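Taking it in order: structure first as structure tokens, then the write-up.
The values are calculated or read from the model by the stated rules, or taken from the named source; none is laboratory data. Please read all numbers here as calculations on a predicted model, not as lab measurements. Cβ atoms come from the backbone with ideal geometry, glycine included; neighbour counts cover every protein chain shown.
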Amino acid sequence: MLSKTYHLKFPSLDAAQIAAPFITEILGNAIPECRISGLTVMIGKEGDISVNLFFPSIADLKNFEKKHGGFIQTMKKTFLFRSTGFEGVCIFNFDGNAEDAA
């Protein structure tokens with residue numbers, strides 16, 4: 001399983017809370033089109049948002065990057081934040097309550 005991780009640092013928790021619905025909507029809508037097999041969006045009390053996307057194949061990851069990879073640049077037109085990220089191979093993932101996930 002392949003993973004794409006984004007870390008977004010906003011000036012405040014309030015700014016991150018305003019941006020979070022945009023992130024979840026754009027990435028949530030990409031799930032069927034890009035065959036995303038997992039998506040986690042977390043917000044921290046210091047204004048951080050962490051996004052982890054999981055893909056079954058490199059082709060699906062590349063398809064996501066082609067169709068939706070520019071969402072960070074789109075957000076930068078509206079929101080003030082710093083971003084970092086990386087691609088990787090998932091070496092361990094445990095979800096004991098996958099059926100009870102929110």
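What tally of residues in the stretch 56-102 results from selecting those that are among the charged types (D, E, K, R) and either at pLDDT below 90 or touching a helix residue (DSSP H, G or I) at 6+ places or on another chain (Cβ under 7 Å) (or both)?
6
Among all residue pairs at least 6 apart or on different chains, which show Cβ distances below 9 Å where the first residue, located in the stretch 59-82, is closer than 13 Å to Ala30 by Cα and the second is of a type in the set (Asp, Glu)?
Pairs found: Leu61/Glu87; Asn63/Glu33; Phe64/Glu33; Glu65/Glu87; Lys67/Glu33; His68/Glu33.
From the list Phe81, Phe54, pick out the single residue that is farther than 23 Å from Asn93 by Cα and either surrounded by 12 or more Cβ atoms within 10 Å (Cβ to Cβ) or of a type outside the set (Ser, Thr, Tyr) (or both).
That would be Phe81, the only listed residue that is farther than 23 Å from Asn93 by Cα and either surrounded by 12 or more Cβ atoms within 10 Å (Cβ to Cβ) or of a type outside the set (Ser, Thr, Tyr) (or both).
Kindly provide the set of residues from the stretch 1-39 that are within 16 Å of Thr84 (Cα to Cα), among the β-branched types (Val, Ile, Thr) and surrounded by fewer than 18 Cβ atoms within 10 Å (Cβ to Cβ), ordered by number.
If the condition is that a residue be within 16 Å of Thr84 (Cα to Cα), among the β-branched types (Val, Ile, Thr) and surrounded by fewer than 18 Cβ atoms within 10 Å (Cβ to Cβ), then Thr5 is the only one that fits.
Of the residues that sit in the stretch 1-28 and are at pLDDT 95 or above, assigned to a loop (DSSP other than H, G, I, E, B) and not small (Gly, Ala, Ser), which one is nearest to Leu39 (Cα to Cα)?
Phe10
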